[in-house]
Amino acid sequence: MDWELVQELAADIGREIARRWPVVDADDVSQEILTHVVENQARLVDRERGYLATVFRSIGQRYASRERDYQNLVDDQYWYTPKEVRALVRSFGLDNDQLAQVLGKKDDLQHCRVTDNLVPARCDVMEGMKCISPRYREVVWNHLVDDQEVTDSKLLTRAVDALTTAMNRNIRKQEQTA
C-alpha cells in the first residue's frame, strides 16, 4: 500500500469534510480515515485513487455526522451544514402547502434533523443573513429563493459557506450570553 498517497488523500478529504461540517476538525477526520485504513488494509490494498477517495469521503462523512449528533445532544444546539442552509433558504420560496410536505419527514428517534425545527431554523437564517455582506445576501436570496440563474457558482458557494458560519456562530454566541 502506498502510504504517502493514503496520507495525502486522507488529509485532502479531511479538509474537504471539515469545510462542509464545521463541527469537526480536519485532522480528526484524517485520523479517523487512517484508523479505518489500518484496520481494513487487506480490503484496500491495490485500489485506485478514485476508489480510495470515495471510501475515505464516506468514512469522513460518517464520522462528522456522528460528531455533530453528539454535539447536538451535548450542547443542545444544532450545527448547520451548507447543504441544510441551502435547503432552509429555499424554504422561504415555498408556500404553506409545500412547507407542510417538508416538516418532520426525515426525523427519527436517533437523528433529529432540521426539518422538524423549521421555524427556529428559518429565524437562524434571518439572523445569519444580517452578518454576511450585502453582495452575499443578494446572491443567496436571488439564486435559492427567487430561482435566478447563477453566473458565478463559486461566489454562491462562498456566500452559503459564510451564511453557514454566521448561523453557527450566532447560535453559539446566544448560548454563551444566556
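Quick notes on this structure:
- Qualifying residue in the stretch 8-19 (condition: more than 30 Å from Tyr78 (Cα to Cα) and out of contact with any strand residue (DSSP E or B) (no Cβ under 8 Å at 6 or more places or on another chain)): yes
- Any hit, the stretch 84-100, residues being over 30 Å from Glu138 (Cα atoms) and out of contact with any Cys (no Cβ under 7 Å at 6 or more places or on another chain): no
Condition check ((1) under 30 Å from Asp124 (Cα atoms); (2) at pLDDT below 85; (3) buried (at least 17 other Cβ atoms within 10 Å of the Cβ); (4) of a type outside the set (Lys, Arg)) across all residues:
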site	(1), (2), (3), (4)
Met1	no, yes, no, yes
Thr35	no, no, no, yes
Arg43	no, no, no, no
Arg49	no, no, no, no
Val74	yes, yes, no, yes
Val85	yes, no, yes, yes
Lys106	yes, yes, no, no
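- Condition check for Val89: of a type in the set (Val, Ile, Thr), buried (at least 16 other Cβ atoms within 10 Å of the Cβ), closer than 24 Å to Thr165 by Cα and at pLDDT below 80: no
- Every pair of residues 6+ apart whose Cβ atoms lie under 8 Å, when the first sits in the stretch 35-56 and is within 16 Å of Glu8 (Cβ to Cβ) while the second is modelled with pLDDT of 90 or more and loosely packed, with under 12 Cβ neighbours inside 10 Å: Arg49/Leu5; Leu52/Leu5
Matching residues to (1) over 18 Å from the mean Cα position of the chain (by Cα); (2) assigned to a helix (DSSP H, G or I):
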| residue | (1), (2) |
| --- | --- |
| Ile13 | no, yes |
| Val23 | no, no |
| Gln31 | yes, yes |
| Val37 | yes, yes |
| Ala53 | yes, yes |
| Arg57 | no, yes |
| Trp79 | no, no |
| Ala87 | no, yes |
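The values are calculated or read from the model by the stated rules, or taken from the named source; none is laboratory data. Model, not experiment: these values are computed from the prediction. Methodologically, a virtual Cβ is constructed for each residue, glycine included, from the backbone with ideal geometry; neighbour enumeration extends over all protein chains shown.
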